[in-house]
Amino acid sequence: MRPEDLLCPSPKGLYSPAGDFYVDPVRAVPRALITHGHSDHARRGHGQVLATRETLDLMALRYGANFAGATQALAYGESVDINGVRVTAHPAGHVLGSAQMALDWRGLTIVASGDYKDAADPTCAPFAPVRCHVFISEATFGLPVFRHPDAAAETAKLVNSVGLFPERAHILGAYSLGKAQRMMALLRQAGHAAPLYVHGALTEITDYYEAKGMALGPIRPVKGVAKAELAGAIVIAPPMALTDVWTRNFPDPVTAFASGWMRVRARARQRGIELPLVVSDHADWDGLTASVAATGCEELWVTHGAEDALVHWAGTRGLRARPLHMVGYAEEDEDAQAAAEGEPPPAAAEGEAEAGAGDGAP
Amino acid sequence: MNRFAALLDRLAYEPRRNAKIRLMADYFRATPDPERGVALAALTGKLAFTNAKPGLIRTLIAERTDPVLFEMSYDYVGDLSETVALMWPAPPKAAPAANHPPFLSEIVEGLEVLPKRDLPGQLAQWLDGLDETGRWALLKLITGALRVGASARLAKTAVAALGDIPPDEVELVWPGLTMPYRELFAWVEGRAERPETLDPAPFRPVMLAHAVEDEGFGGLAAADFAAEWKWDGIRVQAVSGRSLEGERVTRLYSRTGEDLSAAFPDLVAALDFEGALDGELLVVREARVQSFNVLQQRLNRKTVTAKMLAEFPAHIRAYDLLTEGGEDLRPLPFRARRARLEALAARLIAGGHDRLDLSPMVPFASWEALAAARADPAGAGAGPDAAAVEGVMLKRWDTPYLPGRPKGPWWKWKRDPHTVDAVLMYAQRGHGKRSSYYSDYTFGVWTAGEDGDVLVPVGKAYFGFTDAELLEIDKFVRSATVNRFGPVREVLHAPDEGLVLEIAFEGLARSTRHKSGVAMRFPRVARLRWDKPPREADRLETLEALLRSEG
């Protein structure tokens, strides 16, 4: 019995020969486990989808109620049996509803963690390491230059800038699912009580977070608000809107962007960001290595990102590791990259795509 | 240091001048002495460290990180200081409470007194005490690569903003001050008197002119104004005086107060007078003024060689006299200052001074006569120097020398620029206010290629157009994009499809950096030629011919 009989890479994504299902497949398949609602992991058109209630709801928000043939919700800690493979969901700490999928079969445990972070996030359940034989990890920020600072200190930079430039609008770029709502919560924790204005692409998901009981304070659509009223205001928008003609409707805007990529100056400069905030929903280098260690795994598989560095690190620890060279992931970030170049992302989910021309102009 | 680093971090990303001033002023307001004074020295380029080389930084990081991971990281980040700043391992938590984040002032003092062998250990200890941004700033500072887009002038303007003091006033007292500038801060904050200037050769803020716009002279009377040639060199202020010890101190300043003395030792040595004069720095060979291109060959050199001094002799053509023998002439009307300047120049030249002469007046009785002179400087007195004439300057006979750019007393009326019809090839998004606009344009002209004519880029322009024209070009760029390279778009540029821009420029120089072999001075978009098909745009041969005629 090899781990590959339980789970192995395939062109459509991670496939379980034993259970006959996929994890986060990039194409439509008969049966899929979905770790979280970002568009690169959660695609539409599958036959049966197993995910947390929140992930299913978010997919329905983005794709419409008929995004899959049938759906089944799985709560954290709950298990189901699929063709003899026991599947259990555990919190991944990435965004609301994000789950690691633990697969147990004939005494072997493989954890497909999806995207995860071990840092605190007021908008989702904290990451919980799961003991396993094989741990499957992302490596989006898998280089030791990526050490995410304290998110509260980064948020304070934005609040201070608003204090220093009260006549300017601050436009904060943040991914529409997860990052945007986390920034809202962080701004509230930082004592910023004024209304936060949001781009039209953010309203539905933000409403959903609030319906789930998260107190995000006064949130207002920016559409239709007079330019003068936006002096000193924080406006949250999807990253691609930052360089859009849309920004011309704001008083002398400061463009901020909350992303782990902002750690590298050249990336922030290339995109013309004036106030980079290093806030990420992915584990940083220390988080990746600590999380891998915490699972006690015997083998590490790396799905996407800087695989080589994490595999090298595992080698120095005597841990067997291999890159899976999965394609099609991390597009939530690539979307933003493409957007910086003024280009509609090819695989963009509706949520991001509609951020383009004209929407939400005040 | 972490606070200063946060300022540098923010400045590096902020494109707006006024916002930079606000950020610096905010820092100066919130930071006590002497820390802010040391920061001011760093921002005005007054600090120089020689011991910290990139090799030392590489050694330090190699001792602390896995070499494979370092190489992967360096490869990704692309900048040594930044990679090290980000990768530097956090010191063990239990350890040093003694390791408080170091102050900038501590670091600067330490670097001055530390023996070289103690530097690695001390630097490591400082890095342990700082966060990522702090480490980045420290490494940039000590390797002399601190480029955050804030000039010395801007930093001084921020200091002035702490009180209600004009930046020029700070400029005036600046030469006599040293780090950590306690008396300067005390003065701008209203806690002390204005510091005394002890500098025997201080810079005095210069007077600048407004451009004569298309509407012409309106109600101005020709008789109220003097006219002289506007020479195409570098506007300088030459100041000479004696220190308390009786030693002669001579300095050459740029119009922003930058000290240029080190680049022109020949001129500084030759200036033998007591006072401050305003003039144009020119290269003069055998009594003929050379073009700006010739002067530029001397400007671009880092070191001054004897050969260069001989081949590019620097001169000053004097425009104005600000002080003489301790007397401040600036309150006097131009007519009186000009008389004093003429007398001084006559004395100096009679005394054998061959590095200074007088900028001649251009006599004129009416605006029409002046327009004729401007159109033909060679025939109106400039003679063989006409190629170095950029236009005419108009100065009211009755106004004092006022710092800044007061509207009314001085006008510059430039000669018509050269123009060329070029084709828009690439457009790049601008910065700051213009970050959603394609506002930087690369344009080209036709030249013979292997398979017929091709466009070769000859320059870049990012001003000259109106706001309405910017919108038009932006719209065109977005609709005619054929390729994208990061923030740059390649736009359609075929013989019958594309946008022709009329580019105005001041001059041409040969260039090895440009594929076309030519580089333009001050290129800007003069007009949009929607009416003109790209095939009718100019050819490279036209520019090459102009290059030959400009010498």
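The values are calculated or read from the model by the stated rules, or taken from the named source; none is laboratory data. These figures come from a predicted structure and were not determined experimentally. Positions of Cβ are generated from backbone atoms using ideal geometry, with glycine treated the same way; all protein chains shown enter the neighbour counts.
Observations, loosely collected:
- Which numbered condition B:Leu23 fails, given (1) more than 26 Å from B:Ala90 (Cβ to Cβ); (2) away from chain A (no Cβ under 11 Å): (2)
- Any hit, region A:137-145, residues being part of a loop (DSSP other than H, G, I, E, B), more than 14 Å from chain B (Cβ to nearest Cβ) and crowded, with 21+ Cβ neighbours inside 10 Å: no
- Boolean, A:Val87 is farther than 29 Å from A:Asp207 by Cβ, assigned to a strand (DSSP E or B) and not basic (Lys, Arg): yes
- Filter pass, B:Arg298 being farther than 19 Å from B:Ala386 by Cβ and either in contact (Cβ under 8 Å) with a residue 24 or more places away in the chain or crowded, with 16+ Cβ neighbours inside 10 Å (or both): yes
- Where strands (runs of 3 or more DSSP E) sit wholly within region A:228-330, those with at least 2 residues that are more than 8 Å from chain B (Cβ to nearest Cβ) and crowded, with 24+ Cβ neighbours inside 10 Å occupy A:234-237, A:254-258, A:299-305.
- Selection from region B:494-518 of residues that are within 11 Å of B:Leu424 (Cα to Cα) and either in contact (Cβ under 8 Å) with a residue 40 or more places away in the chain or hydrophobic (A, V, I, L, M, F, W, C) (or both): B:Ala494, B:Gly498, B:Leu499, B:Val500, B:Leu501, B:Glu502, B:Ile503
- From A:Arg53, A:Arg86, A:Arg62, residue being crowded, with 19+ Cβ neighbours inside 10 Å, more than 23 Å from A:Thr289 (Cα to Cα) and among the charged types (D, E, K, R): A:Arg62
- Screening the candidates A:Leu158, A:Leu172 for the property of being surrounded by 22 or more Cβ atoms within 10 Å (Cβ to Cβ), within 12 Å of chain B (Cβ to nearest Cβ) and under 30 Å from B:Leu11 (Cβ atoms) yields one hit, A:Leu158.
- Put simply, of A:Lys157, A:Lys227, A:Lys212 the only residue that is on the phi < 0 side of the Ramachandran plot and at pLDDT below 95 is A:Lys227.
- In this structure, A:Ala194 does not qualify as in the same structural domain as A:Glu299 (by TED's automatic domain parsing) and either at pLDDT below 95 or of a type in the set (Gly, Ala, Ser) (or both).
- Of all the criteria given as (1) of a type in the set (A, V, I, L, M, F, W, C); (2) more than 24 Å from B:Arg301 (Cα to Cα); (3) surrounded by 13 or more Cβ atoms within 10 Å (Cβ to Cβ), the one not satisfied by B:Ala211 is (3).
- Region A:120-160, residues that are within 19 Å of A:Met262 (Cβ to Cβ) and of a type in the set (Lys, Arg): A:Arg147, A:Lys157
- When the test is whether a residue is over 24 Å from A:Ala190 (Cβ atoms) and not polar (S, T, N, Q), A:Trp285 passes it.
- For the residues A:Glu138, A:Glu167, the requirement of being closer than 25 Å to A:Gly287 by Cα and in contact with an Asp or Glu (Cβ under 9 Å, 6 or more places away or on another chain) singles out A:Glu138.
- A:Arg188 vs. criteria surrounded by 23 or more Cβ atoms within 10 Å (Cβ to Cβ), assigned to a helix (DSSP H, G or I) and among the charged types (D, E, K, R): no
- Residue among B:Thr133, B:Thr143 that is in contact with a helix residue (DSSP H, G or I) (Cβ under 9 Å, 6 or more places away or on another chain), more than 14 Å from chain A (Cβ to nearest Cβ) and closer than 28 Å to B:Asp26 by Cα: B:Thr143
- For region B:483-494, the set of residues classified as at pLDDT 90 or above and more than 8 Å from chain A (Cβ to nearest Cβ) consists of B:Glu490, B:Val491, B:Leu492, B:His493, B:Ala494, listed by residue number.
- Enumeration of residues in region B:448-480 that are within 22 Å of A:Arg269 (Cβ to Cβ) and either within 13 Å of another protein chain (Cβ to nearest Cβ) or touching a helix residue (DSSP H, G or I) at 6+ places or on another chain (Cβ under 7 Å) (or both): B:Asp474, B:Val477
- For the residues B:Val445, B:Val420, B:Val458, B:Val491, the requirement of being touching a His at 6+ places or on another chain (Cβ under 9 Å), in contact (Cβ under 8 Å) with a residue 12 or more places away in the chain and crowded, with 18+ Cβ neighbours inside 10 Å singles out B:Val458.
- From B:Leu60, B:Leu114, B:Leu69, residue being surrounded by 14 or more Cβ atoms within 10 Å (Cβ to Cβ), at pLDDT below 90, among the hydrophobic types (A, V, I, L, M, F, W, C) and over 32 Å from the mean Cα position of the chain (by Cα): B:Leu114
- Hits in region A:94-109 (condition: in a loop (DSSP other than H, G, I, E, B) and either at negative phi or crowded, with 24+ Cβ neighbours inside 10 Å (or both)): A:His94, A:Val95, A:Leu96, A:Gly97, A:Ser98
- In region B:464-513, the qualifying residues are those that are charged (D, E, K, R) and in contact with an Asp or Glu (Cβ under 6 Å, 6 or more places away or on another chain), and the one that is farthest from B:Ser435 (Cα to Cα) is B:Glu502.
- Qualifying residue in region B:221-239 (condition: more than 28 Å from B:Trp397 (Cβ to Cβ) and buried (at least 16 other Cβ atoms within 10 Å of the Cβ)): no
For (1) free of Cβ contacts under 8 Å to residues at least 24 places away in the same chain; (2) of a type outside the set (Val, Ile, Thr), each residue gets a yes or a no:
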| residue | (1), (2) |
| --- | --- |
| A:Val145 | no, no |
| A:Asp150 | yes, yes |
| A:Ala156 | no, yes |
| A:Glu167 | no, yes |
| A:Gly191 | no, yes |
| A:Gly213 | yes, yes |
| A:Ile219 | no, no |
| A:Val235 | no, no |
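- When each of B:Leu119, B:Leu11, B:Leu40, B:Leu47 is tested for being within 11 Å of another protein chain (Cβ to nearest Cβ) and touching a residue at least 40 places away in the same chain (Cβ under 8 Å), the lone residue that passes is B:Leu11.
- Region B:74-84, residues that are surrounded by 22 or more Cβ atoms within 10 Å (Cβ to Cβ), within 9 Å of another protein chain (Cβ to nearest Cβ) and either over 10 Å from A:Ala266 (Cβ atoms) or under 29 Å from the mean Cα position of the chain (by Cα) (or both): B:Glu82, B:Thr83
- Test: residue in region B:267-276 that is touching a His at 6+ places or on another chain (Cβ under 6 Å), surrounded by 18 or more Cβ atoms within 10 Å (Cβ to Cβ) and in a strand (DSSP E or B): no
- Breaking point among (1) closer than 20 Å to B:Asp538 by Cα; (2) exposed (fewer than 15 other Cβ atoms within 10 Å of the Cβ); (3) at pLDDT 90 or above; (4) touching a strand residue (DSSP E or B) at 6+ places or on another chain (Cβ under 7 Å), for B:Glu469: (1)
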